[in-house]
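Q: I have a structure here, written as structure tokens, and I will follow up with some questions on it.
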Amino acid sequence: MTGSARSPLVFLDVDGPLIPFGATQRYPTYRTGRAQMPGMNSHPLLARINPAHGPRLRALACELVWATTWMADANEWICPILGLPELPVVVWPEPSELDDQDERRGMHWKTRALVEWAAGRPFAWIDDEITEVDRAWVSVHHSGRALLHRVDARHGLNDADYLLLENWLRETQDGLVTHRV
């Protein structure tokens, strides 16, 4: 994982992209290396996280940021499974009347906070709840490049998702280098 103040951000959700859910079939489980830790039983779905995501995420030319309701717990529980260093975490604001209005329009409650966090930097948002309303709002309210990619929660991140993200990051990085001259 390479990152700098100018590299694109990748906002990453946990439930859905890394912990698949909602399908009718049984999910594969993986050894987390944390099975003997106290409290592990309180997070039984962690065994669904494929540790192979770790090297793929580390290889991305970006700054990874947790954008999940797991918040700081993602660093404690998910990073060790994936072999990732501690990542920055988006701290969500308290719900407001504006959030209620956004929800009635079909916009995700995370959208405004992520655009604010990015502060004009290019970003990709990987989540299982992104809508066209989110995409439209970001296109109007964010001055940088943005990729809002909806992952199928029944399967989680897969090769096609990584390929799309890698290509977007490469195009974004190429654009940043071109514009730095």
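The values are calculated or read from the model by the stated rules, or taken from the named source; none is laboratory data. This structure is a prediction, so every number in the text was calculated from the model and none was measured. Cβ atoms come from the backbone with ideal geometry, glycine included; neighbour counts cover every protein chain shown. Just so you know, the surface numbers come from the protein's heavy atoms only, side chains and all, with ligands and any DNA or RNA stripped out. Shrake-Rupley method; radii C 1.70, N 1.55, O 1.52, S 1.80 Å.
Q: What are the residue pairs meeting all of these: first residue in the stretch 114-131, first residue touching a residue at least 40 places away in the same chain (Cβ under 8 Å), second residue of a type in the set (D, E, K, R) and open to solvent by 20 Å² or more (accessible area, probe 1.4 Å), Cβ atoms under 6 Å, and 6 or more apart or on different chains?
A: As it stands, the answer is Pro122/Arg145, since those pairs meet every condition given.
Q: Let me ask you something else. Answer yes if at least one residue in the stretch 88-107 is under 24 Å from Leu57 (Cα atoms), of a type in the set (Val, Ile, Thr), within 14 Å of the chain's Cα centre (by Cα) and open to solvent by 30 Å² or more (accessible area, probe 1.4 Å), and no otherwise.
A: Yes, the stretch 88-107 has at least one match.
Q: Only residues that are in contact (Cβ under 8 Å) with a residue 24 or more places away in the chain and more than 15 Å from the chain's Cα centre (by Cα): list them for the stretch 60-84, please.
A: Passing the criteria: Trp77, Pro80, Ile81, Gly83.
Q: For the structure I just gave you, tell me whether Ser139 is of a type in the set (Gly, Ala, Ser), open to solvent by 70 Å² or more (accessible area, probe 1.4 Å) and touching a Gly at 6+ places or on another chain (Cβ under 6 Å).
A: Against the criterion (of a type in the set (Gly, Ala, Ser), open to solvent by 70 Å² or more (accessible area, probe 1.4 Å) and touching a Gly at 6+ places or on another chain (Cβ under 6 Å)), Ser139 does not qualify.
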